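Novice: Here it is: the structure, laid out below.
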Amino acid sequence: MQMPVMDGPAAMQKIRDVEDRTPRVPIIALTADAVRDHHATYFTAGADAVVTKPVNWAQLIQKIAELTNVAITSPAQENRSEKTHSPPPLTAPILDASFLETIVGSVQPKTLNTLLQRFEQNSREYIEAIRGAADHQDSSGARKVAHTLKGLAAQFGAVRLSECARNVEQAAKNGDNLNGLAEQMAALLPQTLDQLNAWRSRRDTGP
């Protein structure tokens, strides 16, 4: 909005002044001013919408579509659509019980229960975060959370969940669509928890 010679509000007012002779032009004000009270100045000058910097391109595209009644697909969205594919098959076992025994075999039952509860809680939160990132096409966010979940799952011998998280991480790096992978991961968690609980029951009861 801050420009030499004529600033944004003055330019918008000039455009609006001549619109009795031309069709109305949609105007979106791009500004680094995040103070909402200041945005009233832009609307008064003739803006139809205000988008703050740094620009959220998805939001800007949505605003353009709303003001022009034209559906717009960004190049990034087109690329994601082209790269949409079914999740790859998972080859690792759900649980590596021998590895799990090596890591936490000497842990007392009370402490083990606490660790497994935290694993379940954290895994659920990470998967929901990945699903949300997939819905919002946030590849960077999904990649970071998937990397964390990959390591967490591996620590508990949940090797298939770790493999699935690795696939999400790689797909996010490639810019692929993540929704199918995110749902595959969500479906895998209950199976993983069932096997963890079965392993804990066997450990508690002994041979």
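The values are calculated or read from the model by the stated rules, or taken from the named source; none is laboratory data. Bear in mind the structure is a predicted one, so any value in this text is a computation, not a measurement. Don't worry about glycine lacking a Cβ; one is built from the backbone with ideal geometry, like all the others, and counts go over all protein chains shown. The protein model used for the area step is the full one, side chains on, heavy atoms only, and it has no ligands, DNA or RNA in it. Shrake-Rupley method; radii C 1.70, N 1.55, O 1.52, S 1.80 Å.
Novice: Write out, first by first residue and then by second, each pair whose Cβ atoms fall under 6 Å of each other, whose residues are 6+ apart or on separate chains, and whose first residue, in region 5-17, is within 11 Å of THR41 (Cβ to Cβ) while the second is open to solvent by less than 60 Å² (accessible area, probe 1.4 Å) and at pLDDT below 80.
Specialist: GLY8/MET1
Novice: Show the residue pairs meeting these rules: Cβ distance below 7 Å; 6+ apart or different chains; first residue within region 26-39 and without any contact (Cβ under 8 Å) to a residue 12 or more places away in the chain; second residue open to solvent by 20 Å² or more (accessible area, probe 1.4 Å) and not acidic (Asp, Glu).
Specialist: The qualifying pairs are HIS39/VAL50.
Novice: Here's another thing I want to ask about it. Would you kindly identify the helices (runs of 4 or more DSSP H) lying entirely within region 1-119 that contain at least 2 residues that are surrounded by fewer than 11 Cβ atoms within 10 Å (Cβ to Cβ) and modelled with pLDDT of 70 or more?
Specialist: In region 1-119, the matching helices (runs of 4 or more DSSP H) lie at 36-45.
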